[in-house]
1. Tell me the angle of helix 33-42 to the major Cα principal axis of the chain, expressed in degrees between 0 and 90 and rounded to the nearest ten.
2. In whole Hz, with x marking every Gly and Pro, tabulate ³J(HN,Hα) for segment 60-74 from phi via Karplus 6.51 cos²θ - 1.76 cosθ + 1.60, θ = phi - 60°.
3. Taking H as built 1.01 Å from N, whose amide H comes closer than 5 Å to the amide H of SER124, not counting residues under 5 places away?
4. Of the residues ALA194, ALA270, ALA52, which exhibits the maximal mean-square fluctuation in a Gaussian network model of the chain defined by a 10 Å Cα contact cut-off?
5. What is the helix-to-structure angle for 138-148, meaning the angle in degrees between its Cα long axis and the longest Cα principal axis of the chain, kept from 0 to 90 and rounded to the nearest 10?
6. With unit charges on the beta carbon (Lys/Arg positive, Asp/Glu negative), name the residue among SER278, VAL87, PHE117 whose Cα is farthest towards the positive pole of the charge dipole of segment 5-298.
7. Using Cα-Cα distances under 8 Å and only pairs 6 or more residues apart, what relative contact order does the chain have, in percent?
8. Whole-Å semi-axes of the chain's equivalent ellipsoid, largest first, each the root of 5 times a Cα gyration tensor eigenvalue?
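Read the figures in this text as sums done on the coordinates, not as results from a lab. Since the structure is predicted, the reported quantities are computational estimates derived from the model, not experimental observations. Backbone-built Cβ (ideal geometry, glycine too); neighbour counts: all protein chains shown.
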Amino acid sequence: MTLTGSFLRSCMVCSCVLSLGVMPALAAAPAGDSATVQKLAHSLEARVGMAAVMLDTGETVSIGDEAAYPMQSVFKFILALSVLKQVDEGKLDLEQIIHIRPEQLLKDTWSPLRERFPQGGDFSLKELLRVTVQESDNNTCDLLFALIGGTGTVQKDLKEWGISGINVRFTENEMLRNHDLQYVNSSRPSAMNALLRAFDEGKILNKGTQRFLWDIMAGCSTGATRLKGKLPQDYVVAHKTGSGFTTPEGVIAAVNDVGIIVLPNGRKMAVSVFVMDSKDSLPACEKVIASMARWLCTEWQPAAAK
């Protein structure tokens, strides 16, 4: 059966209705907050999903979390977790050298590595992970998928980590050849936050590999105007972006940013924002993501840690 974009989108009905989910014994955010978040989401002609959770208390706020959204390059964070899991298991080594042939560097896809080294060369696994996550290189992404056994390995790892609501089924090249497949590689905002929280709490990687990935994400060179866009310099944002294809009609399939924000007082917040099928411009979508992060960090008043 052929999967069409309209069919896939119809299977992902997303309602932009705010829901505040709070763990027992924790106070809910002030009632006025719902109007603020709804206004931000409704300012776009798009489907918007956002979830945030304070990692010390578990207090959450979310909107549009009933649906799954196309992740696009956000899934490179999950891929990195699976690669580093194999490093922890001794199956791979961060210093091992991987030879890349020129024909492996496809020319019709986003690939900073190809631009710098069109003839390929020898690269450490550490460098390939950095380029994949920090620069969102599609060629190195698919090379890493091949190294660990494909997308099925990542999906198996997600199950092992107890994470549901995330699907990693297709590579970057497969999505490039069939744009409809980007809707299958999907996640609910709260599911991504659950994965971010498990990562931060050291439940997935050893301390060394965990720190390595954290530093890469904190140095992410993409999406400077998304989660980080309206935050002061003293906020640390370890994140991964994702951007979808644009249709001939100008509809952008995905504008995403997910990550962990470290507040000046040291508290951490996992935030995932997904914008799907936007008829508005990329800058407009990024402005909403930045405004949501700003509101979460400076106006939301979750309970203090005990």
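1. Once rounded, the angle reads 50 degrees.
2. So the Karplus estimates, Gly and Pro as x, are 10, 9, 8, 8, x, 7, 6, 10, 9, 10, x, 7, 6, 5, 4 Hz.
3. Amide H neighbours of SER124: ILE98.
4. For the chain, modelled as a Gaussian network with Cα springs under 10 Å, the answer is ALA194.
5. That helix lies at roughly 80 degrees to the long axis.
6. Checking the options against the dipole of segment 5-298, the answer is SER278.
7. Relative contact order here is 25 percent.
8. 30, 23, 17
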